[in-house]
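See structure below.
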Amino acid sequence: MCTVGAVCTRRGEMRTEFDGGKTRNHVTKAPTRLWGGRFEGGPSDALARLSVSVQFDWRLAPYDLMGSRAHARVLHRAGLLTDDELDRMIGALDDLERACRSGEFRPTVADEDVHTALERGLLERLGALGGKLRAGRSRNDQVATDLRLYLRDHARQIVSRLVELETALISQAEKNLGVAAPGMTHLQHAQPVLFSHQLLAHVQPLARDVERLRDWDRRAAVSPLGSGALAGSSLPLDPQATAAELGFDAAAANSMDAVADRDFVAEFLFAAAMIGVHLSRLGEEICLWASQEFRWIEMDDTYATGSSIMPQKKNPDVAELARGKAGRLIGHLVGLLTTLKGLPLTYNRDLQEDKEGAFDAVDTLLLVLPAMSGLIATMRVNTERLEASAPDGFALATDLAELLVRRGVPFREAHEVVGHLVVWCQVHDKDFGDLTDEELAKVSPHLTPDVREVLSVEGALASRKAYGGTAPDRVREQLGELRALVDEHAAWAADSDSDA
Ligand code: ARG
């Protein structure tokens with residue numbers, strides 16, 4: 001993946017001259033068009049405005065240039081470019097890349113898309129020779145290739161950012177190991193847990209997200225280049241060679257599928273949406289934890305916002321934005337699936353709609369993840385408050401019932417007995433710990449004084465020692481496993497980052 005990484009990290013330096021609403025899409029000078037031959041006049045303004053994609057697909061330029069270099073080499077090996085022509089072609093592509101990077105070469109509104117713009121740049125440098133590169137390829141296989149390269153690269157960047165968030169959560173779990181907290185179901189106190197167990201419960205889904213992207217990457221590592229418009233090429237090209245040069249594992253086995261397929265985008269968008277949902281659930285918990293009612297954490301000032309009218313406010317905007325952004329990520333997935341549904345084979349222009357959602361999903365994640373990592377890394381955990389509220393809400397009721405079960409009482413009856421005890425306590429405004437021997441015995445003869453042995457948070461935690469449970473030993477074990485997994489994630493992401 002080295003070549004892919006080399007380009008991706010420079011992507012941001014390429015800028016278009018399009019700037020939102022200010023862009024005027026009028027064709028003002030004789031444009032380079034890739035399809036003018038059989039047409040008498042130029043396109044109408046309305047068509048040109050509808051059709052133009054260069055304002056968003058320009059970010060594919062580095063990947064398109066990579067594909068062009070690989071294609072030039074294949075044309076050369078096929079005897080369609082001389083040694084000298086190949087040298088000049090590669091030189092011009094390198095120069096064009098440099099010019100794109102410096103901003104000296106920019107797409108114009110007259111360039112229909114990134115492929116057109118770059119062909120114009122090549123023609124400006126090479127004259128007629130520039131026109132030889134289009135042999136045997138089409139924008140259909142080009143754009144499918146470019147988008148795969150772009151997404152594979154950015155999947156690695158996203159994984160790098162996920163690793164930072166995983167690490168921030170794991171570090172907090174490590175730092176607060178041993179701190180008990182109220183574990184909840186239905187947002188009601190249920191059973192005490194280690195706060196670290198809960199923090200790691202947010203790492204597990206993120207780890208699955210990384211694994212999902214790695215798994216996706218294996219399926220995305222197929223090169224469409226060489227498929228041409230849809231049927232392959234009559235020229236003696238070598239799709240396997242271009243695939244290898246571009247860091248793909250294989251060339252597409254069916255040229256029609258290769259230009260029609262956008263599963264790789266939809267799957268990527270699912271992975272992105274799932275990350276969004278996980279960030280949203282974590283964000284929601286942060287909002288709760290930081291609230292006056294919970295006071296489990298204190299956000300660092302650098303990751304909290306104030307109110308323009310209420311001087312006392314400290315708001316969890318990072319967490320709220322993370323929660324909010326899930327909506328657009330889910331929207332992009334649904335949007336693309338809707339676009340794909342019912343499309344006949346092979347390429348249709350509808351497919352141009354695949355890009356903006358995918359780009360926005362990447363941008364969104366690269367924006368939200370670092371903010372969430374910072375928020376988690378810098379938050380202060382209110383350990384006293386957590387410890388004190390861990391047994392609240394009769395959270396040890398299950399432990400009491402299970403003790404009775406160990407003593408031979410059927411669970412159904414034990415559940416009933418402890419239920420009565422809870423009501424008794426509520427009526428008399430007492431906690432389990434405040435009860436006298438007589439009061440216990442009054443509720444049930446099963447409630448002998450020694451039942452108090454299970455009425456401690458520490459005991460409750462230690463007893464949940466089966467694999468996956470919240471016992472301190474198990475949580476420590478989980479921490480170690482996750483640390484090792486996250487190291488693996490970091491290594492996978494660095495595979496491309498390292499060539500930047
Ligand atoms: N801008 C187009 C897209 O994103 C490129 C491919 C155009 N192909 C075509 N036959 N018009 O899909």
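The values are calculated or read from the model by the stated rules, or taken from the named source; none is laboratory data. No experiment lies behind these values; they were computed from the predicted model shown. Cβ: placed from backbone, ideal geometry, glycine included. Neighbour counts: every protein chain shown.
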Handout entry: Residue identified as under 25 Å from Glu284 (Cβ atoms), out of contact with any Phe, Trp or Tyr (no Cβ under 6 Å at 6 or more places or on another chain), more than 16 Å from the ligand (Cβ to nearest atom) and in contact (Cβ under 8 Å) with a residue 12 or more places away in the chain among Ala326, Ala397, Ala388, Ala401
Key = Ala326
Problem - Residues of segment 345-368 that turn out to be under 15 Å from Arg328 (Cα atoms) and of a type outside the set (Val, Ile, Thr), as a count - result: 12
Practice task
Might you check whether a residue that is at pLDDT below 95, among the aliphatic types (A, V, I, L, M) and surrounded by 15 or more Cβ atoms within 10 Å (Cβ to Cβ) occurs anywhere in segment 423-439?
Solution key: yes
Problem - From the options Thr167, Thr108, Thr116, residue that is modelled with pLDDT under 95 and either β-branched (Val, Ile, Thr) or over 30 Å from Cys287 (Cβ atoms) (or both) - result: Thr108
Exercise for the section: Determine which single condition Met372 fails, assuming it passes every other condition in (1) within 27 Å of the chain's Cα centre (by Cα); (2) within 16 Å of the ligand (Cβ to nearest atom); (3) not basic (Lys, Arg). Expected result: (2)
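On the basis of being in contact with an Asp or Glu (Cβ under 8 Å, 6 or more places away or on another chain), of a type in the set (Gly, Ala, Ser) and either free of Cβ contacts under 8 Å to residues at least 40 places away in the same chain or not in a helix (DSSP H, G or I) (or both), does Gly335 make the cut?
yes
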Handout entry: Some residue of segment 70-84 being farther than 19 Å from Gly226 by Cα, away from the ligand (no atom under 15 Å from the Cβ) and assigned to a helix (DSSP H, G or I)
Key = yes
Exercise for the section: Looking only at segment 310-320, decide whether some residue is over 21 Å from the mean Cα position of the chain (by Cα), within 16 Å of the ligand (Cβ to nearest atom) and over 26 Å from Arg152 (Cβ atoms). Expected result: no
Exercise for the section: Could you figure out which of (1) without any contact (Cβ under 8 Å) to a residue 60 or more places away in the chain; (2) buried (at least 17 other Cβ atoms within 10 Å of the Cβ) isn't true of Gln478? Expected result: (1)
Completion exercise
Residue count, segment 225-244, condition closer than 20 Å to Lys132 by Cα, out of contact with any Leu (no Cβ under 9 Å at 6 or more places or on another chain) and not hydrophobic (A, V, I, L, M, F, W, C), comes to 5
Problem - Residue check for Asp257: among the charged types (D, E, K, R) and either in contact (Cβ under 8 Å) with a residue 24 or more places away in the chain or buried (at least 16 other Cβ atoms within 10 Å of the Cβ) (or both) - result: yes
Practice task
Taking Gln352 as meeting all but one of (1) within 16 Å of the ligand (Cβ to nearest atom); (2) free of Cβ contacts under 8 Å to residues at least 60 places away in the same chain; (3) surrounded by 15 or more Cβ atoms within 10 Å (Cβ to Cβ), write down the number of the exception.
Solution key: (2)
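For residues that are more than 16 Å from the ligand (Cβ to nearest atom), charged (D, E, K, R) and in contact (Cβ under 8 Å) with a residue 12 or more places away in the chain, tally how many sit in segment 95-117.
4
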Practice task
Report yes if Ser227 is within 27 Å of Pro182 (Cβ to Cβ) and over 22 Å from the mean Cα position of the chain (by Cα), otherwise no.
Solution key: no
Completion exercise
The one condition Gly342 fails out of (1) surrounded by fewer than 16 Cβ atoms within 10 Å (Cβ to Cβ); (2) part of a helix (DSSP H, G or I); (3) not charged (D, E, K, R) is (2)
Practice task
Considering every residue within segment 366-380, establish whether at least one is farther than 30 Å from Met274 by Cα and either in contact with a helix residue (DSSP H, G or I) (Cβ under 8 Å, 6 or more places away or on another chain) or of a type in the set (Ser, Thr, Tyr) (or both).
Solution key: no
Completion exercise
Within segment 269-294, the residues that are assigned to a loop (DSSP other than H, G, I, E, B) and buried (at least 18 other Cβ atoms within 10 Å of the Cβ) are Ala290
Exercise for the section: Filter segment 76-93 for residues that are closer than 26 Å to Asp153 by Cα and in contact with a helix residue (DSSP H, G or I) (Cβ under 8 Å, 6 or more places away or on another chain) and give the result. Expected result: Met89, Ile90, Ala92, Leu93
Practice task
With the checklist (1) modelled with pLDDT under 75; (2) buried (at least 18 other Cβ atoms within 10 Å of the Cβ); (3) of a type in the set (Asp, Glu) in hand, flag the one item Glu13 doesn't pass.
Solution key: (2)
Handout entry: Residue that is within 16 Å of the ligand (Cβ to nearest atom) and touching a His at 6+ places or on another chain (Cβ under 9 Å), where the choices are Arg148, Arg120, Arg139
Key = Arg139
Practice task
Please state which of the following conditions His332 fails to meet, knowing it meets all the rest: (1) under 30 Å from Tyr150 (Cα atoms); (2) in contact with a helix residue (DSSP H, G or I) (Cβ under 8 Å, 6 or more places away or on another chain); (3) surrounded by fewer than 16 Cβ atoms within 10 Å (Cβ to Cβ).
Solution key: (3)
Completion exercise
Filtering segment 126-142 for residues that are surrounded by fewer than 19 Cβ atoms within 10 Å (Cβ to Cβ) and part of a helix (DSSP H, G or I) leaves a count of 6
